[in-house]
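Peer 1: Below is a structure I'd like to ask you about.
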Amino acid sequence: MMASFSYAPSIIISVILCLFIISVVEADKKMNGFSVELIHRDSPKSPFYNPSETPWQRLADAIRRSNNRVNRFNSIASASNDTMEAPIVSDDGSYIMKIGAGTPVFEFFAIADTGSDLVWIQCQPCVSCYPQNGPIFNPASSSTYQNVFCNSTQCQYLPEYSCGDNSLCQYTYGYGDGSYTVGDLGTETYTLKDTSGDPVLFTGTVMGCGFNNTGTFSPNGTGLIGLGGGPLSFISQGVSEINGTFSYCLAPDGYSTINFGNNAVSSGTDTVVTPYSPTNGGTFYTLTLETITVGSTTISNNVSSGPNIIIDSGTTLTYIPTALYNQVQQAVTNQINAPVITDPTGNGFQPCYNYNGFQFPGFTVGFTNADVVLGPSNFFAEVASGVVCFFFQPSDGLSIFGNLSQMDMVVGYNTLASTVSFTPAHCTQQ
């Protein structure tokens, strides 16, 4: 009997050594870089995918979401201190990630959003939950979920919070359209699967566990992973593990990636880098738009100086000040040798053309220290069969550099250096 235990110490040491090696490998992967699939909401892999929709219907839906999102951002920017608007989204994001929460892992689709902070999921037990396709996360079933208390630093990062039973931290977020979410703030282990299928764990991630959620939430979306710059975002919480860096490469169709760690931000002779300023409590990455060049015509942005345009992965279109837009739109019209037609979608895009193979003018967006050269698909879109339109939009509120203008480039964020980089790429091949 004694002999049967003689190997126990060596077995224990071996197990501990294996766990240590796994931990070191995982930490190294986080720091050195890993990639996760980024799913466009209209792709066949997405729970939002509707196979009966035509490409033009999907574009119309994207335009509607884009305009709704801009209206929400404008509402946030203009909100007074006693009117709290939500830094999380209801149903206006463009890209999603498949992630896991808890132990055992509960997999769900979350909107990946650079314009939001809080990592959020709908939770049981529900006081009032919106209809959801699939099970709802129950924190009581997870061995790694922990409550956050009112006197914690994490709780006080919230723009609005209250103290629930046993002094537990509760958040409240409201939307201009009447939607709202109320829930507990907790910490949980989040699991991302890299593109090779290996799990990457982030322990102690602060998250919102929503048990009272009403409004324009989609039944296909379970939660949100905030990639903004605020203190409760996934990026800020994991700053030491991913060295404050992430990037994405958005493909026009199919497979896109989001990258984390030291290898996430590109460098090279064709990479341009511009500083950003954190705005709206640090959430928004705000660049300085100085010029737009169309062909040989350079137009200065005299409307506003300093940080003046948000770069956002969730907004489809690009919005610039109305006075600047009018000059840019006229320059585009002057340099395309084709008759202008009326936008057949009714969205008011100008100019529009029946595409017959004409040459598009060169188009460069000039940020501070960074001239970003756009391809035709970064400023024109096919809105109906054979019809292309300039999709930049005039704005009397916030300016936003949207995701169509970011296609086929690696857009890298370095939150430690407060910079955004742009590198031309063929993202479908990444």
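The values are calculated or read from the model by the stated rules, or taken from the named source; none is laboratory data. This is a predicted model, so every value here is computed, not measured. Neighbour counts run over all protein chains shown; Cβ positions are idealised from the backbone, glycine included.
Peer 1: Hey, among the residues in region 320-339 that are surrounded by 15 or more Cβ atoms within 10 Å (Cβ to Cβ) and not in a helix (DSSP H, G or I), which one's farthest from the chain's Cα centre (by Cα)?
Peer 2: ALA338
Peer 1: Of everything in region 417-430, what is small (Gly, Ala, Ser) and in a loop (DSSP other than H, G, I, E, B)? Give them in sequence order.
Peer 2: ALA417, SER418, ALA425
Peer 1: For region 343-366, name all the residues that are in contact (Cβ under 8 Å) with a residue 60 or more places away in the chain and within 29 Å of the chain's Cα centre (by Cα).
Peer 2: Of region 343-366, the ones in contact (Cβ under 8 Å) with a residue 60 or more places away in the chain are 345, 347, 361-366.
Correct list: THR345, ASN347, GLY362, PHE363, THR364, VAL365, GLY366.
Peer 1: Also: With the requirement that a residue be more than 23 Å from GLN146 (Cβ to Cβ) and not hydroxyl-bearing (Ser, Thr, Tyr), what does region 170-215 give you?
Peer 2: GLY174, GLY176, ASP177, GLY178, LYS193, ASP194, GLY197, ASP198, GLY215 - these are the residues of region 170-215 that are more than 23 Å from GLN146 (Cβ to Cβ) and not hydroxyl-bearing (Ser, Thr, Tyr).
Table: residues versus (1) at pLDDT below 95; (2) within 22 Å of ILE76 (Cβ to Cβ); (3) buried (at least 18 other Cβ atoms within 10 Å of the Cβ).
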| position | (1), (2), (3) |
| --- | --- |
| PRO135 | yes, no, no |
| SER152 | no, no, no |
| CYS163 | yes, no, no |
| TYR173 | yes, yes, yes |
| SER179 | yes, yes, yes |
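Peer 1: Taking into account only those residues within region 47-57 that are over 19 Å from the mean Cα position of the chain (by Cα) and closer than 26 Å to PHE392 by Cα, which is surrounded by the fewest Cβ atoms within 10 Å (Cβ to Cβ)?
Peer 2: Across region 47-57, the extreme among qualifying residues is THR54.
Peer 1: Still on this structure, please answer the following. In the set THR368, THR315, which member is closer than 30 Å to ILE225 by Cβ and surrounded by 22 or more Cβ atoms within 10 Å (Cβ to Cβ)? Explain how you work it out, then say what you get.
Peer 2: Details: THR368 fails: surrounded by 22 or more Cβ atoms within 10 Å (Cβ to Cβ).
Residue meeting the stated conditions: THR315.
Peer 1: Strands (runs of 3 or more DSSP E) wholly in region 376-416 with at least 3 residues that are under 15 Å from the mean Cα position of the chain (by Cα) and modelled with pLDDT of 95 or more - which ones?
Peer 2: Strands (runs of 3 or more DSSP E) meeting the threshold: 409-414.
Peer 1: Okay, next question. Residues to consider are THR342, THR316; find the one that is β-branched (Val, Ile, Thr) and touching a helix residue (DSSP H, G or I) at 6+ places or on another chain (Cβ under 8 Å).
Peer 2: Matching residue, one of THR342, THR316: THR316.
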